[in-house]
Amino acid sequence: MPWEHELFALLDDLEGQAAAAWESDREAELADRARSEYGAVTLASRLMASRGQVVALDLPHLGRIEGRLDRMASEWCLLSGTGQDWLVPLGAVVGVRGASERSVPEVAWSPVDRLGLRAALRRLAEAGERCLVHLADGTRHEAYVDRVGADFAECRTAGDAPAGVLLVPFSALVAVQSREDQVASTS
């Protein structure tokens, strides 16, 4: 009988080695799959999971702005701070701090969350609110968003500068800042 015990011990040992090898391969496959799937996570999906939280966005020429992430869409977000709101195209963001470690895939977003930058700017035009339009070249203009085209916003400048129409391509837009108090005059 001792040879039977030795045979069963050998078979148990081989079975244990096979299970350990399978588990090692499985862990490597899962890690590889996780890295591969993370490649499909977008900045917008990470920020969507951060909705309602305080985040900081780094923007060219403006630096860091902080506020509660109130709205999120695939192309833009709305940050609410003390006395002001920031409409920010995601293409202008150079860094984000305070975002959730989770993400919400776009298939789980509501139809309202899928609205583009045009819809957000049209909402500003309908409200008729004076705001500061911050551009990629570092300039800012006190203006009213009057109309929104396919790839630009038509703004009517206000304040100390001579009034006129300013066409702002979406690609040049860094942020639109609206304030509850009086908007300061700008250059």
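Given the condition closer than 25 Å to residue 139 by Cα and either at pLDDT below 95 or of a type in the set (D, E, K, R) (or both), answer yes or no: does some residue in region 96-107 qualify?
Step one: list which residues in region 96-107 are closer than 25 Å to residue 139 by Cα, which gives 96-97.
The next check asks that each one be either at pLDDT below 95 or of a type in the set (D, E, K, R) (or both); those that pass are 97.
Among the residues of region 96-107, at least one is closer than 25 Å to residue 139 by Cα and either at pLDDT below 95 or of a type in the set (D, E, K, R) (or both), which makes the answer yes.
Quick one: would you say residue 74 is over 27 Å from residue 141 (Cβ atoms), small (Gly, Ala, Ser) and not in a strand (DSSP E or B)? Break it down into steps so the answer makes sense when it comes.
Numbers: over 27 Å from residue 141 (Cβ atoms): no; small (Gly, Ala, Ser): yes; not in a strand (DSSP E or B): yes.
The answer is no for residue 74.
Which ones in region 77-94 are in contact with an Asp or Glu (Cβ under 8 Å, 6 or more places away or on another chain) and part of a loop (DSSP other than H, G, I, E, B)?
83, 93, 94
Can you tell me which condition residue 68 does not meet? The list is (1) at pLDDT 95 or above; (2) closer than 19 Å to residue 138 by Cα, and all the others hold.
Going through the list (1) at pLDDT 95 or above; (2) closer than 19 Å to residue 138 by Cα, residue 68 breaks only (2).
Take the residues in region 40-65 that are farther than 14 Å from residue 86 by Cβ and among the small types (Gly, Ala, Ser); name whichever of them is nearest to the chain's Cα centre (by Cα).
Among them, the one singled out is 44.
Considering only residues that are basic (Lys, Arg) and in a loop (DSSP other than H, G, I, E, B), which ones fall in region 122-138? Reasoning before the result, please.
So the first thing to find is which residues in region 122-138 are basic (Lys, Arg), and the list is 122-123, 130.
Hits for region 122-138: nothing passes.
So, in region 44-70, exactly how many residues are open to solvent by 80 Å² or more (accessible area, probe 1.4 Å) and either among the charged types (D, E, K, R) or assigned to a helix (DSSP H, G or I) (or both)? So that I can check it myself, show each step before the final result.
First, pick out the residues of region 44-70 that are open to solvent by 80 Å² or more (accessible area, probe 1.4 Å): 51, 54, 61, 64, 66, 68.
From what is left, the residues that are either among the charged types (D, E, K, R) or assigned to a helix (DSSP H, G or I) (or both) are 51, 64, 66, 68.
The number of residues fulfilling the criteria is 4.
Suppose we filter region 107-121 for residues that are in a helix (DSSP H, G or I) and either of a type in the set (Phe, Trp, Tyr) or loosely packed, with under 14 Cβ neighbours inside 10 Å (or both); how many remain?
Initial filter on region 107-121 (in a helix (DSSP H, G or I)): 107-108, 111-114, 117-121.
Narrowing further to those that are either of a type in the set (Phe, Trp, Tyr) or loosely packed, with under 14 Cβ neighbours inside 10 Å (or both): 107-108, 111-112, 114.
Total satisfying the criteria: 5.
The values are calculated or read from the model by the stated rules, or taken from the named source; none is laboratory data. Predicted model only: the values in this text are computed from it and were never measured. Methodologically, a virtual Cβ is constructed for each residue, glycine included, from the backbone with ideal geometry; neighbour enumeration extends over all protein chains shown. Please note that ligands, DNA and RNA were not included when accessible areas were found on the heavy atoms of the full protein model with its side chains. Shrake-Rupley method; radii C 1.70, N 1.55, O 1.52, S 1.80 Å.
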